[in-house]
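In what follows, a single structure is set out as structure tokens and then discussed.
Just so it is clear, none of the values below were taken in a lab; they were calculated from the coordinates. Predicted, not measured: the structure shown is a model, and the values here were computed from it. FYI the Cβ positions are ideal-geometry reconstructions off the backbone, even for glycines, and counts take in every protein chain you see.
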Amino acid sequence: MLRHTRRSPHGPLRPGLNLRRDLLADGLTDAELRGLRRSGVLSTVRPGAYLHGSGPDDAAACHLLEIRAALPCLGVDTVISHTSAAVVHGLPLWAVRLDRVHATRSRASGARRSGVVHLHAAVLLPDEVTVVGGVPVTSIARTIADLGRELPFEVALVPADGALFRKVVTPDALAAAVERGAHRPRNGAARRVVAFADARAESPGETRSRVAIRRAGLPAPVLQHPVDGVRCDFGWEEHRTVAEFDGRIKYGRCLRPGQDAGDAVFEEKLREDALRDRGLQVVRWIWAELDSFDAPAARLRRAFARG
């Protein structure tokens with residue numbers, strides 16, 4: 001005797017990303033997909049692409065899902081590029097929108113933009129393309145050069161500094177990538193980004209601080225300035241002044257096993273007292289002061305005068 005069993009609507013679901021076309025081919029209906037989304041079994045990554053379960057809170061992780069969802073819709077000569085490539089490479093980003101997947105088609109024309117994909121058209125040489133986690137993507141050097149042409153100086157400098165700090169690219173490779181695009185619009189902007197990029201900037205906050213210091217007309221500091229075994233974010237030896245950028249995550253990031261944030265703050269106070277005992281001026285600023293650097297700049301000028 002034959003028995004008819006009711007198929008579970010969860011049966012064809014795969015862990016992670018699920019594409020509508022695959023789920024329909026496996027026997028689910030659009031009505032069942034709507035029900036799975038309403039119940040929270042599926043969350044929407046983009047139209048036609050769903051995640052089994054809830055999506056991540058991190059913007060970069062969400063964008064990586066959007067990238068993987070877009071890949072099947074892109075042509076064979078198309079690779080992930082620009083800010084999306086920076087996400088694939090794990091580079092730091094600041095003040096960039098991740099509302100569209102950026103990709104480049106290796107041809108002279110045909111750029112277009114939709115609600116979910118920004119398709120660029122530019123010639124890509126073989127060594128400017130790599131594969132990361134199964135995703136075809138522009139190389140780190142080409143990615144930084146593209147961002148330098150597309151983004152404001154300070155915004156583009158964050159991934160450039162980050163790539164150098166992580167030692168995933170060299171200054172010479174960045175310079176070469178920019179020079180390859182000498183004929184492209186705004187290549188001078190990319191050249192300025194690469195020329196100012198510095199491997200000693202350990203965080204976006206330090207990168208933005210470097211830009212703020214320059215815009216304030218202050219002398220260029222030494223980054224990761226050593227003082228008798230103590231390393232400071234910025235130093236001006238001629239002015240006997242050091243400075244620290246205090247990102248809110250800094251103390252948490254530097255905690256040792258068994259140490260809490262209060263211990264780290266106390267150790268930082270002892271460290272600052274030791275610097276002052278050496279006759280040094282110590283200046284600090286926080287993330288909120290980077291948009292308008294007037295107050296930290298004034299503190300630095302007073303410190304220089306005292307030093």
Problem set entry | log10 of Debye I(q)/I(0), alpha-carbon scatterers only, for the range 135-248 at 0.11 Å⁻¹ | -0.38
Problem set entry | At 1.306 mPa s and 10 °C, Stokes diffusion of the range 1-124 via Kirkwood alpha-carbon radius, µm² per second | 98
For this session: Compute the signed sum of charges (Lys and Arg +1, Asp and Glu -1) over the other residues within less than 11 Å, Cβ to Cβ, of ALA85.
Result: -1
For this session: Return the loop-located trypsin sites (Lys or Arg not before Pro) in the range 139-238 (DSSP other than H, G, I, E, B) with at most 15 other Cβ atoms within 10 Å of their own Cβ; answer none if there are none.
Result: ARG166, LYS167, ARG186, ARG200
Seminar exercise, completed: Here the range 59-195 gives, from Cα atoms, an Rg and Dmax in Å of 13.5, 37
Problem set entry | Approximate spin-label separation GLN224-VAL131, in nm, with each point projected 7 Å along Cα-to-Cβ | 3.4
Seminar exercise, completed: Listed by chain and number, the residues whose amide H is under 5 Å from that of VAL117, excluding neighbours fewer than 5 places away on the same chain and using placed H, are VAL101
Exercise. Tilt of helix 153-165 relative to the longest C-alpha principal axis of the chain, in degrees (0 to 90, nearest 10)?
Worked result: 90
Exercise. Using the Kirkwood radius built from alpha carbon pairs, what does the Stokes-Einstein equation give as D for the chain at 4 °C and 1.567 mPa s, in µm² per second?
Worked result: 58
Exercise. Taking Cα pairs under 8 Å and at least six residues apart, what relative contact order does the range 59-195 come out at, in percent?
Worked result: 22
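Among GLU128, GLU202, what is the fewest-to-most ranking by other Cβ atoms within 10 Å?
Ordered by Cβ neighbours within 10 Å, fewest first: GLU202, GLU128.
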Exercise. Can you sort SER81, SER209 by how many other beta carbons sit within 10 Å, fewest first?
Worked result: SER209, SER81
Exercise. Got a sec? How would HIS63, HIS239 order by Cβ neighbour count within 10 Å, fewest to most?
Worked result: HIS239, HIS63
